[in-house]
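Undergrad: My questions will all concern the structure given below.
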Amino acid sequence: MIVDLVFLNAKAYLRGQIVDCSIAIEEGKIYKLGKETQMPGADKKTDLHNLLVLPGLIDTHVHLRDEHRAYKEDFNSGTSAAAAGGFTTVLDMPNNDPVTMSAQTLRNRIELAQRQIVVNTGFYSEFPQNLLECREIAATGAIAFKLFMGNQVGGVDIDDDAAIERALRAAAEAKRPVAVHAEDHVMLQAMETSLKQAKKITPTDYLRVHTPSAELQAVERMLRLSKKSGGQLHFCHLSTKESVAAIVEAKKSRAITCEVTSNHLMLTSAEMQRYGSLLVMAPALRDPSQVEALWRCLTEGAIDTLGSDHAPHTLEEKQAGNIWDVKAGIPGLEVTVPLMLTMVRKNKLSLNQVVTLLAENPTKIYGLSDKGYLEVGRDADFSIIDYQAQFKIDAAKFRSKAKFSPYHSWEVNGKPVKTVVGGQLVYDEGEIVVGGGVGKIVRGGRVFIEK
């Protein structure tokens, strides 16, 4: 048999071990793993010269913008940033313009994305006003539903406990997880209104609104409301040890998972003094003791996924003089993997944990049954890393339209050098080598986590 492609001389991550091997690919799938002498003939052979091959990494938390916000990012620039950052699959959040919260708005995004994407892309949906539409939204392709608790985004009244309970049941019936942005709307609004009236407009004032207690209160509320829903909850971008502790306890009896971002691991609130409004994000950055506690939670296995929360804006939107006019979030797709590999070098976590957080667990949580592992029959999605490379992050060279970063000029170890999606090389040594439309639309399935 002649296969499409064989990668030779790979150091491949196979179920927790780095193995010297070759990889045969046929029709976008892994056909064979083994010694070079065991490989079938191939139309093309590529020598990887001992580069590290990881199962295609998955960023479950990105904002690709496009549509009415294409000036910040579009599907091509965002997925190009993903490929350059070593990600083969990304999941897009629904707080867009228009908000993704119906089968039609989801179809519109899918149709637009299909022509542009260079990595696999899945989509969250907000809850519709009519919860009977949840099944249709799931059937259209929604990977999960999202509930923003810090501000009203979708069709469910976030101040109404009964409405949230109904939404959680609807998601469970549609066989989709619910991802939660946990910050208490009432607490945020009350403090922000007070500070605005007092004409408090600095980055420090932003921290006074987005407090650890606002996050914890929202986490505890969702844990309480979800007891009867029978569904699966995934808490996004947790930033405090108290929130993680509450979730760890709830995990003992329910299908609950949680995420932390690289930003909340690598940056602290003290750095707001240096970077100011650039570091405005939600939830806010925390003090060093909380950051260190998050690292302990991560290394102890209490955290299930790592997300970039890639949130591109224009530099003007990040530099508004009044902190309440500043857009929250920073780009993250092109820095997350090098930052985490650098932490592997510094013994803050292991390579196994990186793969678990960015490949294996996302596969389980979102039902991506063909991804997450280097195994025969699974999709030929590979993140290929020069683990020995040392380089400085250069935000000016980002593929994202948001060409700024607090990590600019940071020296890091471990560089994504090739990204393979469905057996096709899409990123190679600094260049996107395909046109738009190569990536596939990812649709979830019910593979609920084990309790």
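Undergrad: Taking Cα atoms, how many degrees apart are the long axis of helix 75-84 and the longest axis of the chain, rounded to 10 and kept between 0 and 90?
TA: Around 60 degrees separate the two axes.
Undergrad: Out of all DSSP beta bridges in the chain, what portion is antiparallel? Express it as a percent rounded to 5. Intermediate values should be presented prior to the final figure.
TA: Values: 33 of 67 bridges.
Expressed as a percentage, antiparallel bridges in the chain total about 50.
Undergrad: With labels modelled as points extended 7 Å from the Cα through the Cβ direction, what inter-label distance (nm, one decimal) is found for residue 68 paired with residue 112?
TA: Computed distance between label sites residue 68 and residue 112 equals 1.0 nm.
Undergrad: Could you give me D for the chain, from Stokes-Einstein at 10 °C and 1.306 mPa s, where the hydrodynamic radius is the Kirkwood radius over C-alpha pairs? Units µm² s⁻¹, please.
TA: 72 µm²/s
Undergrad: Next question, about the same structure. Taking the beta-carbon count within 10 Å as an exposure proxy, list 192, 111 from fewest neighbours to most.
TA: Ascending number of Cβ neighbours within 10 Å: 111, 192.
Undergrad: Can you tell me how much longer the chain between residue 228 and residue 152 gets when fully stretched, taken as 0.36 nm per residue apart minus their C-alpha distance, in nm with one decimal?
TA: Here the segment from residue 228 to residue 152 would lengthen by 25.0 nm.
Undergrad: Tilt of helix 103-114 relative to the longest C-alpha principal axis of the chain, in degrees (0 to 90, nearest 10)?
TA: Between helix and principal axis, roughly 40 degrees.
Undergrad: Also, quick follow-up: Angle check, please: helix 241-250 long axis (alpha carbons) against the longest principal axis of the chain (alpha carbons), in degrees 0 to 90, nearest 10.
TA: 80 degrees
Undergrad: OK, next. Got a sec? Which residues in segment 260-303 would a label at residue 252 touch, if it sits 7 Å along Cα→Cβ and we count backbone N under 16 Å?
TA: Within reach of a label on residue 252: 302.
Undergrad: Continuing with this model, one more query. Per DSSP helix of 4 or more residues, -39500 (n - 2.57); summed, then divided by the residues of the chain. What does that give at 222 nm, rounded to the nearest 500?
TA: Details: 15 runs with 132 residues, N = 451.
Calculated from helices alone, the mean residue ellipticity at 222 nm is -8000 deg cm²/dmol.
Where a number appears in this text, it was derived from the coordinates with a stated rule and is not lab data. Here the structure is a predicted model, which means the values were calculated and not measured. Virtual Cβ from ideal backbone geometry, glycine too; neighbours counted across all protein chains shown.
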